[in-house]
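Below is one structure, written out as structure tokens; the observations come after it.
The values are calculated or read from the model by the stated rules, or taken from the named source; none is laboratory data. The model shown is predicted, which means the values in this text are computed figures rather than measured ones. As a convention, Cβ positions derive from the backbone with ideal geometry for all residues, glycine included, and neighbour counts pool all protein chains shown. Ligands, DNA and RNA are stripped out before the accessible areas are found, and what is left, the full protein with its side chains, is counted by its heavy atoms. Shrake-Rupley method; radii C 1.70, N 1.55, O 1.52, S 1.80 Å.
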Amino acid sequence: MEIAFYLSGLVAVLATLGVISNTNPVHALLYLIVSLIAVALVFFSLGAPFAGALEIIVYAGAIMVLFVFVVMMLNLGEAVVAQERAWLRPRTWLGPALLAGVLLVTLVGTLWRGDIGLVIEGETLTAKAVGTLLFGPWLLIVELAAILLLAALVTASHVGRLRPPEKPPTDRESGARKEAS
Amino acid sequence: MTYLIALLPLILVCATAVAVMLGIAWQRHHASTVLTAVVGLNLALLSLVAVHQVAPFETLLVAVDGLAIFGAVLVLVSTLACATLAHAYLEHYRGPREEFYLLLLCAAAGGLVLVSSRHMATLFFGLELLSMPLYGMLAYAFHERRSLEAGIKYLVLSAAATAFLLFGMALAYAQTGRLDLAGLTAGLGEGGGAWGLAGAGLILVGLGFKLSLVPFHLWTPDVYEGGPGPAATFLASASKVAVVIVLLRLVIESPAFAHVGVHQILAVLAFASMLIGNLLALTQANLKRLLGYSSIAHFGYLLVALVVAEGLAVETAAVYLVMYVVTTLGAFGVVTLVSSRDISGDAAALHHYRGLFWRRPYLTAVLTVALLSLAGIPFTAGFIGKFYIVALGVEAGRWWLVGGLIVGSAIGLYYYLRVMVTLYLVEPGMQRHDAPHDWGTRAGGVVVLGLAALVVLLGVYPTPIIEWAAALGVAHG
């Protein structure tokens, strides 16, 4: 289990280096997905399968796919087809594929040994344990997170308005002018 | 039941935020939104009396004790002042005005969590809940370049500071396996250990950014200048108070922060903040930038109390905080009122204030009192605070810090007086920026006048505040 932990940790670090050193956003995102899956595997090996599953579903699944789609949609056009073909060259996908392969080998190797409840130390944290903790003593945090998301949403919807406020009429300062003169 | 009463202010503020949100969804109406927000904040303030009956009360995540109540009072009062000032300020704003109060209430909730946090999770969430709405508030007038710039600058730099904070927490957790303050204290043992110390240092970076201490201060003037008046007021008052209180709690309770090295770092930060903050303020021709730099210097003074961290330290910090908040609210309140009729950004350049006295004598008197208090002139609140800091520094034998404070105050006097002279110069030409005629009878004006009266009153008769702070000092010292 330690080997799985260190291997996926190494993959996570390498993939993250790939993210920040890549100039092409789509390639960087590809590395980011690998990095997130590697982190999920780290969670699994530490005995937190729920966190690991969430990492894959939420980050690698929902958010990253959204990112990739948005980035791809931003540069639509005729040139895109040629671009896509250029992207399919091995040197583009070989890096992420290699790292993902290492992860797969780690995963299969771990599963091969049988017992899926195996962790480095401590006990496995199930979804039930997380749930009772989150909605028991940590309820306050959940509520605060809700308010935080509300604030973020309001901020985003306000700043993201398409139309800026109308220009005010020009005679609005007349009161001050009269006063000053 | 006790649990609910202890959290009553937080629940009330959050409920008010939800009520304001539903109100906006139903029908936009500026005045009634303000009324809802103000009533909710006042109820929360009143509920602190009930909280006082059950205090001290501790759970895994929060500690509702004297310090928390003290911080909550300051946060709620500052938020109330900001809400009333925002009403005056946003009246002429074209575009949606009501969201500002929603964000303000969310930020106030974050401040309330932060002052009572005794767990890294509540510390983090409180800090984020305090900062997240502030991004929106600072960038509220997003069609103006400066306001948008302020919001984005604060967002990016704040995120970097949060990364430092989280990494610090992770290091502390790596050593102790605990996240609550009591567990950290027990786990770190005497002096803290290498990881604990590194964690403490990184947490200090994160909190130092929010307080704009000197190596982390670069965002302050731009954000203060660009943000709308009420947002800058909130940033300068409530947000800083909450962070100071949480830092105070960490310094008092956690052994990693009691380490000699950490104390030396704090001392260097304090010294640098005092001198550099004041020196940079010297050449400013913009009142909001000047107040921003002066707030850097003021938190340098306040850090002296945290460096000493024994004897009267808690009492000193509490007294200084009260004095600082009252004064800052007064100064920023005047800036906000003067800017409130303006359509193209805030009236912040000093020449806008030239000869203000001859048009708005009472408003100018308020600003003068606030500036005198910031400079620490006797018979104003600022003097009492500064007196406490000097007394504490001398008693602890921190001569460098006391020297820095005296030099800083001398420099400070120069630029505060420069502003005051500008206010009374005779202005020959026309003046673009001005407060509305009837500002004195509006809510915002009443708040500003009340604050000025409070500054003088606390300067002459500070006994109630000192007694309150002394009680805190006994409980936490």
On each of the three principal axes the extent of the alpha-carbon atoms of the protein assembly as shown, given in whole Å and largest first, is 85, 65, 48
Here, B:ALA391 and B:ILE377, labelled 7 Å along Cα→Cβ, have an inter-label distance in nm of 2.3
Calculated from DSSP helices alone, with each H run of at least 4 adding -39500 (n - 2.57) and the total divided by the residues of chain B, [θ]222 nm to the nearest 500 comes to -25000 deg cm²/dmol
Taking only the alpha-carbon atoms of the range B:8-163, the convex hull volume per residue, in cubic angstrom, is 105
Among the range B:119-133, those whose backbone N falls under 13 Å of a label point 7 Å along Cα→Cβ from B:VAL18 are none
With label points set 7 Å from each Cα along the Cα-to-Cβ direction at B:TYR3 and A:TRP112, the distance between them in nm comes to 4.9
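Could you sort B:PHE216, B:PHE142, A:PHE69 by accessible area so the largest value comes first, with the probe set to 1.4 Å? All intermediate terms of the calculation are to be shown ahead of the outcome.
On the way: B:PHE216 55, B:PHE142 30, A:PHE69 115 Å².
So the residues, ranked largest to smallest area, are A:PHE69, B:PHE216, B:PHE142.
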Reported to the nearest 10 Å², B:PHE57 has, with a 1.4 Å probe, an accessible area equal to 40
Ordering B:ASP222, B:ASP438 by the accessible surface of their heavy atoms, 1.4 Å probe, largest first, yields B:ASP438, B:ASP222
Projected onto their principal axes, the Cα atoms of the range B:260-396 stretch, largest extent first, over whole-Å spans of 52, 27, 20
Under 17 Å by backbone N from the virtual spin label 7 Å along Cα-to-Cβ at B:GLN264, the residues of the range B:150-193 are B:191-193
Reported to the nearest 10 Å², B:ARG398 has, with a 1.4 Å probe, an accessible area equal to 80
For the pair A:PHE69 and A:LEU17, the simple spin-label estimate (label points 7 Å beyond Cα toward Cβ) gives in nm 3.4
For A:SER45 the rounded accessible area (nearest 10 Å², probe 1.4 Å, non-protein molecules ignored) is 0
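For the range B:1-118, what is the relative contact order in percent, using Cα pairs closer than 8 Å and at least 6 residues apart in sequence? Intermediate values should be presented prior to the final figure.
Working: 139 pairs, mean separation 45.9, N = 118.
Across the range B:1-118, relative contact order equals 39 percent.
Determine one quarter of the surface area of the Cα convex hull of the range A:1-43, which equals its mean projected area, and express it in nm² to one decimal. Don't skip to the answer; put the middle values down first.
On the way: hull surface 9.7 nm².
The Cα convex hull of the range A:1-43, projected and averaged over all directions, gives 2.4 nm².
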Quick P(r) readout (the range A:1-76; Cα-Cα; 10 Å bins; whole %) gives 22, 45, 26, 7, 1
Mean separation of Cα contacts under 8 Å (at least 6 apart) over the residue count of chain B, i.e. the relative contact order in percent, is 15
When the charge dipole of the range B:2-470 is computed with +1 at the Cβ of Lys and Arg and -1 at the Cβ of Asp and Glu, the Cα pointing farthest to the positive end, of B:ALA347, B:ALA37, B:ALA267, is that of B:ALA347
Over its alpha-carbon atoms, the range B:2-470 yields an Rg and a Dmax in Å of 21.0, 68
Helix B:193-211 sits off the longest principal axis of the Cα atoms of chain B, rounded to the nearest 10 on a 0 to 90 degree scale, by 10
Expected sort for B:128-134, A:54-60 on mean C-beta neighbours within 10 Å, highest first, is B:128-134, A:54-60
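Could you put A:ARG91, B:ARG94, B:ARG249 in order of accessible surface area, largest first, with the 1.4 Å probe and the full protein assembly present?
On the way: A:ARG91 195, B:ARG94 95, B:ARG249 5 Å².
Putting A:ARG91, B:ARG94, B:ARG249 in descending order of accessible area: A:ARG91, B:ARG94, B:ARG249.
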